[in-house]
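> What follows is a structure written as structure tokens; I'll ask about it next.
The values are calculated or read from the model by the stated rules, or taken from the named source; none is laboratory data. Because the structure is a prediction, the values reported are computed rather than measured. Virtual Cβ from ideal backbone geometry, glycine too; neighbours counted across all protein chains shown. When the accessible area is computed, the model is the full protein with side chains, heavy atoms only, and any ligands, DNA or RNA have been set aside. Shrake-Rupley method; radii C 1.70, N 1.55, O 1.52, S 1.80 Å.
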Amino acid sequence: MSDLVEVSFLPDEKVVWVQPGTTLVAAGDAAGLEIVTGCTRGMCGTDPVRVCDGSDRLAPPGDDEKGTLERMGLPPEYRLACSATVRQGPIVIELGSF
Ligand code: FES
């Protein structure tokens, strides 16, 4: 259990423990929360979520996600749930803030 990553979702305060490398969409699914997605490749920008804590514990965005975030003009605490993967916990994500 020690290598699992704790991810909390606001505002529902649901907490899950997932394997490193899990996307935020998959973590949300494990928590019973649906995060609406489109392309699932970091291109369409359907699924921004706010990282309230632990942004440095997520893997850095790849080129596609980075480009989409820049195009959308989102503040730096936002990531695309389909593309952001967890590395270590704890991580706190706020849904529905965009
Ligand atoms: S689903 Fe398209 S960017 Fe995440």
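> Can you pull out the residues in region 41-59 that are more than 16 Å from VAL86 (Cβ to Cβ) and either among the hydrophobic types (A, V, I, L, M, F, W, C) or open to solvent by 60 Å² or more (accessible area, probe 1.4 Å) (or both)? Please lay out each step first, then the result.
First, pick out the residues of region 41-59 that are more than 16 Å from VAL86 (Cβ to Cβ): 41, 43-46, 48.
Hits for region 41-59 are ARG41, MET43, CYS44, THR46.
> What are the residues in region 31-60 that are under 12 Å from the mean Cα position of the chain (by Cα), within 12 Å of the ligand (Cβ to nearest atom) and charged (D, E, K, R), if any?
The one that is under 12 Å from the mean Cα position of the chain (by Cα), within 12 Å of the ligand (Cβ to nearest atom) and charged (D, E, K, R): ASP47.
> Report, by residue number, each residue of region 41-89 that is without any contact (Cβ under 8 Å) to a residue 24 or more places away in the chain and at positive phi.
GLY73
> State all residues of region 1-40 that are hydroxyl-bearing (Ser, Thr, Tyr) and on the phi < 0 side of the Ramachandran plot; if no residue qualifies, say none. Walk me through how you get there before you give the answer.
Here is the first cut: in region 1-40, the ones hydroxyl-bearing (Ser, Thr, Tyr) are 2, 8, 22-23, 37, 40.
Those that are hydroxyl-bearing (Ser, Thr, Tyr) and on the phi < 0 side of the Ramachandran plot: SER2, SER8, THR22, THR23, THR37.
> Going through region 67-91 one residue at a time, which ones are part of a helix (DSSP H, G or I) and surrounded by 15 or more Cβ atoms within 10 Å (Cβ to Cβ)?
Result: THR68, LEU69.
> Residues in region 18-40 that are in contact (Cβ under 8 Å) with a residue 60 or more places away in the chain, in contact with a helix residue (DSSP H, G or I) (Cβ under 8 Å, 6 or more places away or on another chain) and either closer than 19 Å to ARG71 by Cβ or open to solvent by 50 Å² or more (accessible area, probe 1.4 Å) (or both): how many?
Within region 18-40, residues that are in contact (Cβ under 8 Å) with a residue 60 or more places away in the chain, in contact with a helix residue (DSSP H, G or I) (Cβ under 8 Å, 6 or more places away or on another chain) and either closer than 19 Å to ARG71 by Cβ or open to solvent by 50 Å² or more (accessible area, probe 1.4 Å) (or both) number 0.
> Scanning for something among the hydrophobic types (A, V, I, L, M, F, W, C), closer than 20 Å to VAL5 by Cα and near the ligand (Cβ under 8 Å from one of its atoms), does region 61-81 turn up at least one residue?
Restricting attention to region 61-81, the residues satisfying the condition of being among the hydrophobic types (A, V, I, L, M, F, W, C) are 69, 72, 74, 80-81.
From what's left, closer than 20 Å to VAL5 by Cα: 80-81.
Now narrow it down to the ones that are near the ligand (Cβ under 8 Å from one of its atoms): 80-81.
Yes, because at least one residue in region 61-81 is among the hydrophobic types (A, V, I, L, M, F, W, C), closer than 20 Å to VAL5 by Cα and near the ligand (Cβ under 8 Å from one of its atoms).
> Right, another one. Could you tell me whether any residue of region 59-67 is closer than 14 Å to SER97 by Cα and among the hydrophobic types (A, V, I, L, M, F, W, C)?
no
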